[in-house]
Amino acid sequence: MFNESDFTPVRASLLAVPESTPTALHAFLEIFAGVGVAWEALTGERSDARRMAARIVARERRVFTTALGVPIAPHADLAETSCSDLIVIGDLDLTDGIPPAGRWGPEIQWLREEWERGAVICSVCTGAVLLAETGLLDGVEATTHWSAASLFREHYSAVRLRSERILSPAGPEHRLVTSGGPGSWEDLALYLVARFAGEEEAQRIARIFVLGDRSDGQLPFSAMGRPRAHDDAVIGACQSWIAANYTESSPVKRMINRSGLAERTFKRRFKAATGYTPVDYVQALRIEEAKQILETTGDPVEDVALAVGYADPAFFRRLFKRRVGVTPARYRQRFRSWPRPAAAGPFTASSRMAGAIGIAPIRR
C-alpha cells in the first residue's frame, strides 16, 4: 500500500454515528494529524513520510451528542465525502439492546459505495457490528469486542468471527481490517500508519504518543530533543564537527581545542547555546546512534558499543540503561519489530542533529 514516491495525503474518513464513543475517533484524528509532522517538530529530524488528512464524517454535518454525553462535531457529511483512501469506524455503545438491523441505512450505503471506489475500511471494537451490517464481512475473518461475540453469532453467522484476535486484516488486499476491544485502537492506528506512511513513521508515532508496552516507563520511547536555535558561531561549528565525529576519542577535549576557548568558557557557552553540557551532548548523540543500530541490525552489543565510540561494553551498557531506562538487549527486543524500509537506509543520530542545525546529514 505504501509508495515512497506518493506524497499525496491519505484521505482518511472517521465515521461517526449516534452510538459512537468519542475516544477512538478523536485519538485517530490527533494521531493522523501528527504523521509526517510531529517528529520533526519534537526532534528536528525531517520526516518524509506520507501525510494523513483525517476528518470526522457523519450523516449530517452538525454537532450531535453521543450516548456517553460527549459532543462530536463532524467536519463533513456523507454526501460531500467520497473517494476516501481509508475509513475508520470507531467503537459503538450498543448497551441499549436495540437490534442493529436498520439503524444505519445511509452509512451502510455510503460504506458500500466507498468500498467499490477502493477504500480500506476498518473498525474498532464494536464498530465491527456496523461494518458487518454492510455485508462486506460475510465469508471473511473478523474480530470485535469479546462481549459482542453472541451478537455476531445471532445476526452475522456468515462472518468468520475470531474474537480472540486484537487485529484481523482480511478480504482482498486486506482492505477490511477489524480490531478487538476499545483499547485496540492503538494497535489499529500504528498498523494503519505503517501501512500508509511506512513502518519508520509508525515507530515514531509510537514514541511520540507512547503507544505500546509502557511497563518500562517513558524513557525507551524518548529521543534527543530538538536542539536550541542560537547565534554562537563557535559553538555551532563545534556542533557541526561533533555531528560527524562523535565516535572520536576524547571528543569534548577535541571540541575545546577546535573552539580556541578556555575550557570553562567553552563549557559555559556550550551549555548556554545548546541546553546540554558537552559530555551530555556527546552521550546523547552516541546513544541515539546506538538505538538506530539496535533497531536495524543484529550486531552484538559489544560491536554496537564500539561503533558509537565506547571501547568498554560494560560502561556502554550502564550508560544506555541510565539514559534509556532499559538494557540494549531489552531495547532491541522491543523496537526491532519496527524495521525501517530497506531502501531508505538507517539515519544516524548525527543526521538528526545535523538537520536541526543546518548541516548536511550524515549516513552510516
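The values are calculated or read from the model by the stated rules, or taken from the named source; none is laboratory data. All values derive from a computational prediction rather than experimental measurement. Ideal geometry is used to build each Cβ from the backbone, glycine not excepted, and the neighbour counts take in all protein chains shown.
Of the residues A273, A233, A262, A243, only one is aliphatic (A, V, I, L, M) and in contact with a Gly (Cβ under 9 Å, 6 or more places away or on another chain); which?
The conditions single out A273.
Go through L130, L137, L192 for me and flag whichever is surrounded by 18 or more Cβ atoms within 10 Å (Cβ to Cβ), of a type outside the set (S, T, Y) and assigned to a loop (DSSP other than H, G, I, E, B).
Exactly one of L130, L137, L192 is surrounded by 18 or more Cβ atoms within 10 Å (Cβ to Cβ), of a type outside the set (S, T, Y) and assigned to a loop (DSSP other than H, G, I, E, B), namely L137.
Of the residues E154, E200, E173, only one is assigned to a helix (DSSP H, G or I), closer than 30 Å to E40 by Cα, among the acidic types (D, E) and in the same structural domain as R50 (by TED's automatic domain parsing); which?
E200
From the residues in the stretch 1-19 that are loosely packed, with under 15 Cβ neighbours inside 10 Å and not β-branched (V, I, T), which one is modelled with the highest pLDDT?
Step by step, filter the stretch 1-19, then rank; the result is F7.
Mind listing whichever residues of the stretch 273-315 are over 28 Å from the mean Cα position of the chain (by Cα) and farther than 22 Å from R228 by Cα?
Correct list: E302, D303, L306, G309, Y310, A311, D312, P313, A314, F315.
For the stretch 234-249, how many residues are small (G, A, S), in contact (Cβ under 8 Å) with a residue 24 or more places away in the chain and in a helix (DSSP H, G or I)?
Residues flagged as small (G, A, S), in contact (Cβ under 8 Å) with a residue 24 or more places away in the chain and in a helix (DSSP H, G or I) within the stretch 234-249 amount to 4.
Given the criterion within 30 Å of R228 (Cα to Cα) and either of a type in the set (G, A, S) or in contact with a Gly (Cβ under 8 Å, 6 or more places away or on another chain) (or both), identify the matching residue among S13, S82, S47.
S47
Are any residues in the stretch 157-167 in contact with a Gly (Cβ under 8 Å, 6 or more places away or on another chain) and in a strand (DSSP E or B), and if so, which ones?
Listed by number, the residues that qualify are R160, L167.
If you go through the stretch 235-248 one residue at a time, do you hit one that is surrounded by fewer than 19 Cβ atoms within 10 Å (Cβ to Cβ), modelled with pLDDT of 95 or more and of a type in the set (V, I, T)?
No - not one qualifying residue is present in the stretch 235-248.
I'd like to know if the stretch 9-25 contains one or more residues that are over 13 Å from the mean Cα position of the chain (by Cα), free of Cβ contacts under 8 Å to residues at least 12 places away in the same chain and outside any loop (DSSP other than H, G, I, E, B).
no
Per-residue answers, yes or no, for (1) surrounded by 19 or more Cβ atoms within 10 Å (Cβ to Cβ); (2) more than 26 Å from the chain's Cα centre (by Cα); (3) of a type in the set (K, R):
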| site | (1), (2), (3) |
| --- | --- |
| R50 | yes, no, yes |
| V57 | yes, no, no |
| F64 | no, yes, no |
| A67 | no, yes, no |
| V70 | no, yes, no |
| A73 | no, no, no |
| D77 | no, yes, no |
| D85 | yes, no, no |
| G90 | yes, no, no |
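A290: touching a helix residue (DSSP H, G or I) at 6+ places or on another chain (Cβ under 9 Å), surrounded by fewer than 20 Cβ atoms within 10 Å (Cβ to Cβ) and within 28 Å of R254 (Cβ to Cβ), yes or no?
So A290 fails the test.
Among residues belonging to the stretch 85-125 that are at pLDDT 95 or above and among the polar types (S, T, N, Q), point out the one that is farthest from V177 (Cα to Cα).
Q109
Exactly one of (1) assigned to a loop (DSSP other than H, G, I, E, B); (2) under 30 Å from E30 (Cα atoms) is unmet by P220. Its number?
All conditions pass for P220, except number (1).
So which helices (runs of 4 or more DSSP H) stay within the stretch 250-296 end to end and still have 2 or more residues that are without any contact (Cβ under 8 Å) to a residue 24 or more places away in the chain and either of a type in the set (K, R) or at positive phi (or both)?
Helices (runs of 4 or more DSSP H) meeting the threshold: 251-259, 263-274.
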